[in-house]
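Engineer: One structure coming up, written as structure tokens, with questions to follow.
The values are calculated or read from the model by the stated rules, or taken from the named source; none is laboratory data. Worth saying up front: this structure is predicted, and the values here are computed from it rather than measured. Cβ coordinates were reconstructed from backbone atoms using ideal geometry, including for glycine residues, and neighbour counts include every protein chain displayed.
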Amino acid sequence: MRVYCVLCGSVVETETSDTWMGEFRALYTETNKYDQVRISGVGTLDTNQTTVPADPNRRYDDRSPDRGAIIDVKLCVSQHHHAERMSPRENNIAFWGFGFHAACWDLLTTVRQPSFGDLFYTCLSMPVSSFGLLDWGHSYGGAAIRLTDGFSTFHTHLESRMLQEPVSSGIRFDPMNIPGLCRLLETLAPPSRQERAHLTMPRNSRTRLASSDLFNSLPAEILCKIIIDLRSQDVHALRLASRACANVWLPEAFWASRFLEDGEYHHIFEAQHINFKSWEQLHFTVRMVSQICPNLKNRKRIWELATRLHDQLADMPHVPCMGRPLHGYFERADERDKLPWLTASRGLRGPGEPFQDGCRALRSRKVHIQTRSRVTKVFVSFCRLLGGDFICGLRFEQEYGQNTSLGYIRADREVPITFPASQPRESAFTISEFQLALHLEGVKAISVLTDDGASSSWVGDHEGIPKWCLADVRGIISALKGEFDAFKLLSLSISTHAMSRGDTVGDFPFRNICNWSHSVPPKHFLFSRADYEDESIMYMESCKHLSAITFGGSDGQDLSKLVEIAMCSFGVGSVTGFEFVYNDSSRRSFGRLEPLPLGFNLQQIPSEPERVVLSIDGPGGERIDNIQIQRGVAVKVNRCRMRTNRGKVVLFPPPPSTHADSWEPIESPGRVITGFYGTEVSFLAFKI
């Protein structure tokens, strides 16, 4: 696997004339010493080995005989194969961490000096794509592209664009050492009057002084202060909209502010060390040079990435992770996890699994809930990342002044869980159920159900995100466990007095051990359970989520309105969707009815989608009473056969067919079939 800089997204390579691309530093630790993160000296690749001086003040090409130890560092480890190698029973020493171009590290530390530990744990919380790129959730300012795998919209990966990017983009140019930049800034002739007219801020002299212009009443000094504090693009828009602002003379302080933090030329940090006669002249000079200098283009790109990374580090919850620590791979603790748990998670990767998407737990925390002390309030803490707001902590206020906290509690970002007026409840309550909205990267939203049947409002972003119902109907929740990365809550587990370590997923209601793509089905639904344990494990381990459609209504009330069922396929050799039509012309769908995205490997590309229709006399009492399927490659549903209680049969795809496999009946768990459930992507599971 190639090595990429975790800041700029460009490859670290020595087989190039661009020397800077082969020089890197490693942010690393030794074995499992996570509290001893260090930065290395400047190293280089050597026959696929990433060797660096341990001394941060040394370089690989130092001639000094006392340059110190040279170490081999494993960079951007996705799958921690060294988990066994770094066992306390062995004496092997391994160095591992994350690589930065030496020039990129210099830029990062020029913006601000980061905490090594915070930066290391932040990198450790991010997936590593199959190409070796650390996935921050962005595309490295154009150095990478995010691709979707087939029509599984939740599986994406980053791929480098270095070979596709033109030279003019500047990606391969040294962003730090730009020959003659300071001399150029001092000596380059100022722009001509014609060039200046093209580059200068607009003056809206044709706009009348309108009484509605609120800026008319402000003195020039205040207007000048406002303009200095605005970004250049906002000043441009303001001067077009307001003649009062357009007529304000822009002082040297305005032009100088363009080179300060948050200014568009902050990345020209050399300007802070030169005494300029005219900041205005410098502004226009730099603006012209930036359009033709690829080194400056690359510096601006990487500077913006460095600023974004520092902003993320600043948003790191610099508070303790509350709860009793449990021993884990990335954190050593005295207490081992011994309780039985029922866990809600999505895309959670263990240290020995490839971490190419989803999330990875660095810390586990446990709290006990005193059942004698009922809950009076629940507060949810949030953190903000590129993927939006995520839950990072839970706090429970209880009777008798007790307070139980789990995770990163951020008082400035706490939101209380509330109950709608239509859900009356007692002032103190016991939580019997959690519902979680689970993004691949962590928990986005939460709601609770109390023992008296009151359901709270959602707290957090839950629309369009798969849901998990976390409950054990056999007992009261006595303990909670949360798994966290450096920023947020990744999974939530419950333990009850009725649970034992011998419990399997089959001991819990099906609705309580899976992700549901839209909403959790009602409690009274019955689900077919063939291959139940194997499939439920697949749902939990593969990031897939289930969808359910109640074409007959939650209580079967819509079966008498059903007049047509259509089965569809789009040339992928398997069933892709169902559509249900009712006597009032309304429709409901399950699966995919529209064409597949570009890039999906079609087995055939028909001019029109295949569609087979079963007409059904729902108003007259006709019902589906038997469903059979045939599975193909990767257990996809290739064929489906439905029969009604009047002997009517429909086969999809229709004959002739070369399939000779046996039919697999889908056993009905009740007397009447009112819906389907399964994975909407490829129907890897299909049940009733």
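Engineer: Kindly indicate which of Ala244, Ala220, Ala253 is touching a Leu at 6+ places or on another chain (Cβ under 8 Å) and either loosely packed, with under 14 Cβ neighbours inside 10 Å or farther than 30 Å from Ala306 by Cβ (or both).
Structural biologist: Ala244
Engineer: Going through the stretch 17-47 one residue at a time, which ones are in contact with a Gly (Cβ under 9 Å, 6 or more places away or on another chain), hydroxyl-bearing (Ser, Thr, Tyr) and either not assigned by TED's automatic domain parsing to the domain that holds Phe98 or not in a loop (DSSP other than H, G, I, E, B) (or both)?
Structural biologist: Tyr28, Thr29, Thr44
Engineer: Would you confirm, using the coordinates I've provided, whether Asp461 is among the acidic types (Asp, Glu) and either at pLDDT 75 or above or touching a strand residue (DSSP E or B) at 6+ places or on another chain (Cβ under 9 Å) (or both)?
Structural biologist: Working: among the acidic types (Asp, Glu): yes; either at pLDDT 75 or above or touching a strand residue (DSSP E or B) at 6+ places or on another chain (Cβ under 9 Å) (or both): yes.
Taking the combined requirement at face value, the residue satisfies it.
One line per residue, one yes/no per condition, for (1) of a type outside the set (Asp, Glu); (2) crowded, with 18+ Cβ neighbours inside 10 Å; (3) not assigned by TED's automatic domain parsing to the domain that holds Leu133:
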residue	(1), (2), (3)
Leu339	yes, no, yes
Ser345	yes, yes, yes
Arg360	yes, yes, yes
Asp389	no, no, yes
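Engineer: For the stretch 240-258, name all the residues that are over 24 Å from Ala271 (Cβ atoms) and either basic (Lys, Arg) or touching a helix residue (DSSP H, G or I) at 6+ places or on another chain (Cβ under 6 Å) (or both).
Structural biologist: Once the filter is applied, which keeps residues that are over 24 Å from Ala271 (Cβ atoms) and either basic (Lys, Arg) or touching a helix residue (DSSP H, G or I) at 6+ places or on another chain (Cβ under 6 Å) (or both), the stretch 240-258 yields Ser242, Arg243, Ala244, Cys245, Ala246.
Engineer: Taking the residues in the stretch 450-460 that are assigned to a strand (DSSP E or B) and touching a Phe, Trp or Tyr at 6+ places or on another chain (Cβ under 8 Å) as candidates, determine which candidate is surrounded by the fewest Cβ atoms within 10 Å (Cβ to Cβ).
Structural biologist: Selected residue: Ser455.
Engineer: Okay, moving on. Going by the structure shown, is Ser345 under 25 Å from Pro466 (Cβ atoms) and among the polar types (S, T, N, Q)? Write out each step before concluding.
Structural biologist: Working: under 25 Å from Pro466 (Cβ atoms): yes; among the polar types (S, T, N, Q): yes.
So Ser345 fits the description; yes.
Engineer: Within the stretch 464-481, track down each residue that is among the charged types (D, E, K, R), under 24 Å from the mean Cα position of the chain (by Cα) and farther than 21 Å from Ser405 by Cα.
Structural biologist: Of everything in the stretch 464-481, just one residue is among the charged types (D, E, K, R), under 24 Å from the mean Cα position of the chain (by Cα) and farther than 21 Å from Ser405 by Cα, namely Lys467.
Engineer: Conditions first: (1) out of contact with any Cys (no Cβ under 6 Å at 6 or more places or on another chain); (2) over 28 Å from Ser217 (Cα atoms). Ala237 passes all but one, so which condition is the exception?
Structural biologist: Of (1) out of contact with any Cys (no Cβ under 6 Å at 6 or more places or on another chain); (2) over 28 Å from Ser217 (Cα atoms), only one is false for Ala237: (2).
Engineer: Give the number of residues within the stretch 461-504 that are part of a loop (DSSP other than H, G, I, E, B) and either buried (at least 16 other Cβ atoms within 10 Å of the Cβ) or of a type outside the set (Gly, Ala, Ser) (or both). Lay out the reasoning, then the answer.
Structural biologist: To start, the set of residues in the stretch 461-504 that are part of a loop (DSSP other than H, G, I, E, B) comprises 461-466, 471-476, 485-488, 497-504.
After this cut, where a residue has to be either buried (at least 16 other Cβ atoms within 10 Å of the Cβ) or of a type outside the set (Gly, Ala, Ser) (or both) as well, the list is 461-463, 465-466, 471-474, 476, 485-488, 497, 499, 501, 503-504.
So the answer is 19.
Engineer: Residue under question is Lys366, and the condition is that it be of a type in the set (Lys, Arg), in a strand (DSSP E or B) and over 19 Å from the mean Cα position of the chain (by Cα); does it hold?
Structural biologist: Criteria met by Lys366.
Engineer: Got at least one residue in the stretch 590-605 being within 28 Å of the chain's Cα centre (by Cα), at pLDDT 70 or above and surrounded by fewer than 17 Cβ atoms within 10 Å (Cβ to Cβ)?
Structural biologist: Checked the stretch 590-605: at least one residue is within 28 Å of the chain's Cα centre (by Cα), at pLDDT 70 or above and surrounded by fewer than 17 Cβ atoms within 10 Å (Cβ to Cβ).
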